[in-house]
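The values are calculated or read from the model by the stated rules, or taken from the named source; none is laboratory data. Because the structure is a prediction, the values reported are computed rather than measured. Cβ atoms come from the backbone with ideal geometry, glycine included; neighbour counts cover every protein chain shown. Protein only, heavy atoms only, side chains kept; ligands, DNA and RNA dropped before computing areas. Shrake-Rupley method; radii C 1.70, N 1.55, O 1.52, S 1.80 Å.
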Amino acid sequence: MKINAIAASHADRPLAPVQIALRDVQPQDVSIEILYCGVCHSDLHMARNEWGVSNYPLVPGHEIVGRVRATGAAVTRFQPGDLVGVGVMVDSCGDCHFCRQQEEQYCESGFVPTYNGTDRYTGRLTTGGYAEQIVVDQHFVVSVPQNLPLHAVAPLLCAGVTVWSPLQHLKLQPGAKVGVIGLGGLGHMAVKLASALGAEVTLFTTSPEKGADARRLGASQVVVSKDAGQMAAQQHSLDIILDCVAAPHQLDPYLACLKTNGHLVLVGIPDSPHPPTDVTPMVFRRLSITGTSIGSIAETQAMLDFCGRHNITADVELIAADEVETAFSRMLQGDVKYRFVIDMQRARWDQ
């Protein structure tokens, strides 16, 4: 089946409308009409081949919210008309240790990404949410709470679950003290979710003007990380710090803010390594620096259910499909609060 989509044809060319082929619906598949798709910074990296792994034509988008159009004969969890979401992955081996324990994001064979992966049924490139429709195995589809505004749910499928997963893995308890570094797409969701889980949240930022917004989102205090006095006042005060900055920076000042047994969790991936870290405080105070990759399907569903109960969504700016390149340019300038979302229902395919 041929559908309309927006694709990058080459790293140095703007995204443009194209037609692509979707696989036929398999017995376990769900066919989804895409209503909204978030614009993740990784979409820009992939469109421009900044990680050196892009294949073209490339249809980005892995923060997808839509409505079920049809289901395969073996589908039991969804029916036409259901509101659903698709995140960063659409398949995995299903047999390895991690898949069996519902941690598909760590599949030993590598999960199949929503776009720029290899569809195991067709051998063709997987295509993402900058499109009219998508076909996905039911295991990798999640239910979307009907009480939430759908356009603001889309970024939860990546940004939301990426910060939710480490908080669950570390068994965050109410009253814990959590730091968040950076107030962008990931950081604003970390502030919202950690505070809703009962944590006392401290935002670290280089921009003092972000303080009011951080408090609006749920932060108890804001620390300007360039201010040595403010950083010193946080020494040994936090249980967990989520580092949401995707640029290289010194980690030592944040390790100093952790209590003994504290965890610094890296969720942003810089384009070059962070500077070397002093291991001495890690040894003498049993600190850890760890990383985390997105979240499992089970975690994604649990996060969406939690957000439905607590009326949590992303702060977004809605754009039309032909505004993606403008959105990319503004993302590079940090000119978005805090995520762009494409309204695929407004797409014009005759351009």
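Odds and ends about this structure:
- When the convex hull of its Cα atoms is viewed from all sides, segment 34-100 shows a mean projected area of 6.5 nm².
- Normalised by 2.2 N^0.38 Å, with N the number of residues, the alpha-carbon radius of gyration of segment 85-183 equals 1.24.
- Per-residue [θ]222 nm for the chain (sum of -39500 (n - 2.57) over DSSP H runs n ≥ 4, rounded to 500): -6000 deg cm²/dmol
- Sequence-distant residues sharing a close amide H with Asp137 (under 5 Å, placed H): Val30
- Restricting the calculation to Cα atoms, segment 160-291 shows an Rg/Rh of 0.92 when the hydrodynamic-style radius is the Kirkwood one.
- Accessible surface calculations at 1.4 Å, restricted to protein heavy atoms, place segment 1-91 at 41 Å² per residue.
- Per residue, the convex hull around the alpha carbon atoms of segment 135-209 comes to 127 Å³.
- Built amide H within the under 5 Å cut-off of Ser54, gap 5+: none
- Ranking Phe340, Leu183, Phe306 by how far each Cα lies toward the positive end of the dipole of the chain (charges on Cβ) leaves Phe306 at the top.
- Expressed as a whole percent, the accessible surface of the chain that belongs to carbon and sulfur atoms is 49, based on a 1.4 Å probe.
- Within the shell of other residues whose beta carbon sits under 14 angstrom from the beta carbon of Gly81, the net charge comes to +1, with Lys and Arg scored +1 and Asp and Glu -1.
- Derived value for segment 234-351: Kirkwood hydrodynamic radius 17.5 Å. Basis is the mean of 1/r over every pair of different alpha-carbon atoms.
- Residue-span extension gain [Asn55 to Ile269] - 0.36 nm each, minus C-alpha spacing: 75.0 nm
- For segment 48-57, Karplus couplings with θ = phi - 60° (6.51, -1.76, 1.60), whole Hz, Gly/Pro x: 8, 6, 6, 9, x, 10, 6, 10, 10, x
- Karplus (6.51, -1.76, 1.60) ³J(HN,Hα), θ = phi - 60°, over segment 177-186, in Hz, Gly and Pro reported as x: 10, 10, x, 10, 9, x, 10, x, x, 6
- Sequentially through segment 155-164, phi angles give Karplus couplings (6.51, -1.76, 1.60; θ = phi - 60°) of x, 5, 5, 10, 4, x, 6, 5, 8, 5 Hz, Gly and Pro residues having no value and appearing as x.
- Cα centroid separation - segment 179-227 against segment 287-347, whole Å: 17
- For the chain, the Kirkwood estimate of hydrodynamic radius, built from reciprocal distances between every pair of different alpha carbons, is 20.7 Å.
- Net charge contributed by nearby residues that have their C-beta within less than 14 Å of Val30 (K/R +1, D/E -1): -2
- Counted charge near Glu200, where neighbours are those whose Cβ lies closer than 11 Å (Asp, Glu -1; Lys, Arg +1): 0
- Multiplying each eigenvalue of the alpha-carbon gyration tensor of segment 167-230 by 5 and taking the square root yields semi-axes of 20, 12, 10 Å, largest first, rounded to whole angstroms.
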